Amino acid sequence: FVSAAVALALGTVVLPANAQHKANENDMEVPTNNLEIVQQGRAKYAQRCSFCHGGDGHGGKGPCLSCGVFKFTGNTNSEIYVTIAVGVPRSLGGTMGAFGTTMSQEEILSVITFMRWEEKRRIATGEIPDPKLNRGNEMPVFPTTN
């Protein structure tokens, strides 16, 4: 159970109770319907990620993390987890450090849950196109397992 204040702080779009995110049948599922975990992820994201990736993952000097298209990995939650934990080396064109030693597994999962919740919110409001429906127009830079 999450208070109305937390729900209000997360925005006005209400996702269905069964709105979980899983990129494909083999992917790790994140609980985008659990607003307590979403809020924890939002707070950890603001603390650790927003400096480079902008507020709510909308992009900054680092790429957008709530647009459904990931530049350095495929678009699965599992691949995003690995990227956060081990970073992106310069050889792949990135300069993101590893967070696996300074963030717990639960914290990383909550950040991914927040990113996917924000992505779903943005799609639902028409702010961004659904990348699954827009594949011909906006392809990920690297292959994805979706």
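Test of understanding: what is the full-extension gain from Asn24 to Thr95, defined as 0.36 nm times their sequence separation minus their Cα-Cα distance?
Full-extension gain reported as 22.8 nm.
Residues with beta-carbon under 10 Å from that of Met28, excluding Met28: net charge, scoring Lys, Arg +1 and Asp, Glu -1?
Surrounding charge for Met28 is -2.
Throughout, read-outs are computed from the coordinates displayed, never taken from laboratory work. These figures come from a predicted structure and were not determined experimentally. Reconstructed Cβ throughout: ideal geometry from the backbone, glycine too, with neighbour counts over all protein chains shown.
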